[in-house]
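Here, each number is a calculation from the coordinates, and none is a lab measurement. Just so you know, these numbers come straight off a predicted model, no measurement behind them. Using ideal geometry, Cβ is built from the backbone for each residue, glycine included, and neighbour counts are taken over all protein chains shown.
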Amino acid sequence: MKLLPTLDELKKQHGELIGVEEVEKQVSVSSETLKKYFQKGHYNDLAFKAGVDLKNEFGFANKIFFIKSELPEIIKITERVKESNIKRRVETTAEKISGIVLKSKEAALVLGISYERFLVQLKRGDWDEYIQEYSRKWDYSEWSIKYADLDKSKLEYLTLPDCAEMLNATETNLWQYKTKGLITQPDHLEGTRFWDFKLLEKQYKAAKELSEKKARTAADWVKNNASWNYLSKDHQLDIIDEYIKYRSKDSKIKWEEKTFYSKGFIKPEITGVNVRKKLSIFLFRAICGRCGIKTMDAESGIVKTLSEEQLKQFDPTVLDLRFYDLTVEDLRAYYNSLKKTTITTQTQIIHPFVMYLLMRLEEEHPTWMIEHEVAKKYIVKRNQLLKIVNELPEPSRNPSNEKDKVFLSRREIMQVYQRLDDMHIADQSYESFKRKVSWMLSCLLGIRPEEMASLRIEYFSLGDDGFIATNSKGYGFLQLPSHASKMALSNSHEFFGTLIVPKLVTLLNEFFDYLYNHQKSRGKGYLFRPNVKDPERHTVRLDWMRRFKWEFEFLSEKKRKGLELKTGRRSLRELIEKMPLEMELSMVRNRAGEIQMRHNISRKAEGVKGSYTKDITIQEYYRVIDRVLNFPWNLDLLGAWEREMGCYIDSAIKEKEENGILEFIEVSETSPINVEIVDESILKSVKERNRRIEDRIGIAKEGKEELERRLQFIRGKTARELKMTTEERLDLMSDIKAEIAALDAIVKEVRQRDL
């Protein structure tokens, strides 16, 4: 067996080495093309591949390295191969096209029209100049068409999808224009699937121009009539902007030694704009109320823009936030024009802002330096703001309460997937494909909904063909960068990445293949897009579960009600925590779960202990994930797999398992011999079951002891010694206590089941 050198050994021999990305900057081909040229042996001894020419160390699996000093020669070779390939491709294409002819039915399929309509066009003589006549028959079925000359642009009538392709538009856009009456079918085509393309092309251009004009007009109106244009910079806007700047730094809102909001804006560039808009509307309406201006029509309930007379009456200086001049009457003036559901939503914006004002007020008036007269004013302002807080509905800082969170078993996860797969098989659409892929990404990789919008193809470890590269076990790897993760803090493990089980690799590669058929490049682009043809435009959010969750009638009503895309991530954590594992793997279960879910990757939450203890190995991580997540996607095989692994299984299977012994005894009553066999079988089954129960109880107890030792360690250290804040220390202790309680519950449940 050939002993491969390490990267450092190669550097000593050849000097500095550079990656494909560096070479790509110097040549006129993509990194994918460079990899293909390497595979075909064009670079000889000028480049090396990890796993083939050097050891496949962690951090650069399957990567290609070039000798930097040979870069001029590498550029020459690349350009020469590129020119040769272009010449050969042109010659081959010309040769292929000139010799191919299609029969009438085949030609109709290629053109994307019905065979009957194509025959009409043949009889009418539309294709006479392209016909090669074999034997002239009345039905024209033996006529053949030169493939080289076939082009959809030569057709008079096309289907809407074909029209969209010709116009470089989306079918959705055309349907929207059709609904609005901006594009129409000629009378003789009404009721058919076909459109007059030349007419549609003119209508589409006019509709697009009109739509763009309306969008510009709407944007200009919003810009000119935005609420903040009416506000005073000194009296309101500066305070709003200071608040947004403060929340964008992830700063806490604390008042009277209590933390009300521990985190700032997750995405400041988006949230900041929205908060500025909503607070401006609130203050604008409050000022209107103080100036006696009615902004809502009493009969229709519609909020009106200000008339010229009202504009003269409007005075932004009547409300001065510099002196905390905000009252409960201002809030009522705003809320009187809102629906109940909107009030709840706006509370999420207004409540933290008022708490911020209270915090600032407290900072400006430390109790130990307040004089008697100043104290009076402070108390008046404090009570004034507190009345607003008390008037507001209770803000839901975490809309999905713990009691409403849903967790699914493996079987339920796969039942949801199979229903989504059935939907995709039925319509073959990009949207249905996105739904089933995003569901499994949540369930097996723990990708959060907000992260899916930023997920790109190149974040996966790819082969030269643009598909996910795999190891000898069929596993792939995701290397999610920090900037694409939640709060830029939840990236994949630097060396291990995030493991992708073989079944998910297959699904993702099928999805990539679908995307590559609709885009020019390979190996790049967002996974989830509004338009499949535009790889650089990403979906803002995936909220399809809200519309489809009632389709999963096999789930209980309670589960369907609480079902969301993030349920997959929560269920992933449950699967990892509850999987029966042998002692060796049980000790590293939690860390493997953290790596898979990209939680606490840097181990900061473990404080001092995390800094001085060794992380788990890639082999340990792989073994845990392989045991927990590499299960069959076939429901019939899944039940047998769960029994073999000793997993917790859903209630339907438990009921079947419990009834199994009774059914077996009833069948066996006809024969004494069978009864003996059954008795022996039952005894063996009971012993095996007891052994599994004892193993699970033992593992749970050991896990509990380890957690208790860790809790004792944290209790004995201050937050400063643990290199974390007091809140983080308390949160960590709370999490550990919850884990201990969960283990106690598992032991209790197993013992009760045994009884």
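Panel values: region 438-501, Kirkwood radius from alpha carbon pairs, Stokes-Einstein at 10 °C and 1.306 mPa s, translational diffusion coefficient 131 µm²/s. Peptides 207-216, 30-39 ranked from most to least packed, by the mean per-residue count of other Cβ atoms within 10 Å: 30-39, 207-216. Counting only the Cα atoms, region 232-391 fills a convex hull of 130 Å³ per residue. Relative protection proxy for 473-479, 641-647, 284-290, from highest mean packing down: 284-290, 473-479, 641-647 (other beta-carbon atoms within 10 angstrom). Extending 7 Å from the Cα toward the beta-carbon at both residue 209 and residue 719 defines two label points whose distance is 6.4 nm. Mind giving me the FRET efficiency for residue 28 and residue 709? R0 is 56 Å, r the Cβ-Cβ distance, nearest 0.05 is fine. Rounded to the nearest 0.05, the efficiency is 0.40. Label-to-label distance for residue 13 and residue 311 is 7.9 nm, based on points extended 7 Å past Cα in the beta-carbon direction. Which parts of region 8-30 would a label at residue 55 reach, counting a residue when its backbone N lies under 12 Å from a point 7 Å out along Cα-to-Cβ? Only 8-10 fall inside the zone, counting backbone N under 12 Å. In order along region 519-536, phi translates into HN-Hα couplings of 9, 7, 9, 10, x, 9, x, 6, 6, 10, 10, x, 10, 4, 7, 10, x, 9 Hz, rounded to whole numbers, per the Karplus curve 6.51 cos²θ - 1.76 cosθ + 1.60 with θ = phi - 60° and x for Gly and Pro. Pairs exceeding a 30 Å alpha-carbon distance, out of 35/503; 436/473; 533/558: 533/558.
FRET efficiency for residue 318 and residue 431, Cβ-Cβ distance as r, R0 = 51 Å, nearest 0.05? It would help to have the intermediate numbers written out before the result.
On the way: r = 51 Å, r/R0 = 0.99.
Using R0 = 51 Å, I get an efficiency of 0.50.
Computed from label points 7 Å out along Cα-Cβ, the spacing between residue 728 and residue 626 is 3.5 nm. For residue 738 and residue 70, a Förster radius of 51 Å and the Cβ-Cβ distance give a FRET efficiency of 0.30, rounded to the nearest 0.05.
Close amide H partners of residue 460, meaning residues 5 or more places away or on another chain with modelled amide H under 5 Å apart, are 479. Distant-in-sequence amide contacts of residue 232, defined by a placed amide H-H separation under 5 Å and a gap of 5 or more residues or a different chain, comprise 237.
Scalar couplings 3J(HN,Hα) for region 170-176, obtained by applying the Karplus form with A = 6.51, B = -1.76, C = 1.60 to θ = phi - 60°, are 9, 4, 4, 4, 5, 5, 5 Hz; x denotes Gly and Pro. Backbone geometry of region 549-560 corresponds, through the Karplus equation with coefficients 6.51, -1.76 and 1.60 at θ = phi - 60°, to 3J(HN,Hα) couplings of 4, 7, 6, 8, 5, 6, 8, 5, 4, 4, 5, 5 Hz, x marking Gly and Pro.
Taking the number of other C-beta atoms within 10 Å as the exposure measure, put 421, 325 in order starting with the fewest.
Values: 421 19, 325 15.
With the fewest neighbours first, 421, 325 line up as 325, 421.
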